[in-house]
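Comments concern the structure below.
The values are calculated or read from the model by the stated rules, or taken from the named source; none is laboratory data. Not measured: the values here are computed from a predicted model. Every residue, glycine among them, receives a Cβ derived from its backbone with ideal geometry; neighbour counts consider all protein chains shown. Heads up: the accessible areas ignore ligands, DNA and RNA and are worked out on the full protein's heavy atoms, side chains in. Shrake-Rupley method; radii C 1.70, N 1.55, O 1.52, S 1.80 Å.
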Amino acid sequence: MFTKQEVIYLAGGCFWQLESKLSRLNGVNQTEVGYANGNTISPTFEMVIGQKTGHTLTVKVTFNPQLISLSELLDEYYTMIDPFKKTKSYLRCGIYWQSPNQEKIIKKFLKAKKIAIETSPIFFFYTAEEKHQKYLETDDITKEFEVTQLSIDEEAFSGKYCDFYEDGIYVDVIDGEELFSSKDKVKTDSGWPTFTKPINESAITKNRDFSYGRTRIEIRSAKSNSHLGYLVYEGPNGEPRYRINSTSLKFIPKK
């Protein structure tokens, strides 16, 4: 007997990671990332993260309710997000329903979890560009996942921004957070992009790292918690330098 599929729209931070986790659930038949609601027609990824379009990075989830109920799906979703974390608006948590019955289940779920996140009917959903679909499952992104999530640094002189000095800014490849500026980039023979300072100290975190039998200061992105690189004291008179993996960054040209 044919079982009618249901669709729900879930948002909560980086939609690459959320889609990857949701797609592995038994009963979830299809996932698709895109931009929910908002006030701009046919937005692009760059528009959503760079302008105030009002959209959220959202995953469209098609599931079999006989294998996983909406309540069960929401319980799993809750383990994948941080509803109390302050983020940029496009990374906010949200649940968008298609029917009054879904609305009732969602409100019961929120009451039980004692959380208040954005909920509303789904008014608009624009499918994201093809390169963002199944992003963490493609071969091209394996290296990026290893560097940002597993803290496996790229080889010296292998990164695309190692010997690159165009005017612009460098953002977190995961969520687009502004991290470094080309005006603070310095030429070194270290083999990695190196900066004198971040655009804003609040955009990064510094943590003691004891891997490989060494004591180092690791640099991570404050918002996405992705691994960026290390703080080294190799400037004039031992001044600090931020040695960052190219793979952790995306360059936005000044123009």
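Being assigned to a loop (DSSP other than H, G, I, E, B), β-branched (Val, Ile, Thr) and open to solvent by 60 Å² or more (accessible area, probe 1.4 Å): is that true of residue 115 here? It is false that residue 115 is assigned to a loop (DSSP other than H, G, I, E, B), β-branched (Val, Ile, Thr) and open to solvent by 60 Å² or more (accessible area, probe 1.4 Å). Among the residues in segment 188-202, are any under 21 Å from residue 16 (Cα atoms) and under 20 Å from the mean Cα position of the chain (by Cα)? Looking for residues that are under 21 Å from residue 16 (Cα atoms) and under 20 Å from the mean Cα position of the chain (by Cα), one finds none in segment 188-202, hence no. Residue 174 meets all of the listed conditions (1) closer than 24 Å to residue 17 by Cα; (2) open to solvent by less than 80 Å² (accessible area, probe 1.4 Å); (3) not in a loop (DSSP other than H, G, I, E, B) but one, namely (3). No other residue among 58, 53, 40, 79 is open to solvent by 30 Å² or more (accessible area, probe 1.4 Å), hydroxyl-bearing (Ser, Thr, Tyr) and under 30 Å from residue 253 (Cβ atoms) apart from 40. The residue list 63, 84, 109 contains one member that is of a type in the set (A, V, I, L, M, F, W, C) and open to solvent by 60 Å² or more (accessible area, probe 1.4 Å), which is 84. Only residues that are of a type in the set (A, V, I, L, M) and either touching a Cys at 6+ places or on another chain (Cβ under 6 Å) or surrounded by 17 or more Cβ atoms within 10 Å (Cβ to Cβ) (or both): list them for segment 204-221, please. Selection gives 204, 219.
Of all the listed residues (169, 152), the sole one being in a strand (DSSP E or B) and of a type in the set (A, V, I, L, M) is 169. Close Cβ contacts (under 6 Å, 6 or more residues apart or on different chains) running from residues in segment 235-252 that are within 15 Å of residue 151 (Cβ to Cβ) and at pLDDT 95 or above to residues that are surrounded by fewer than 17 Cβ atoms within 10 Å (Cβ to Cβ) and polar (S, T, N, Q) comprise 243/190.
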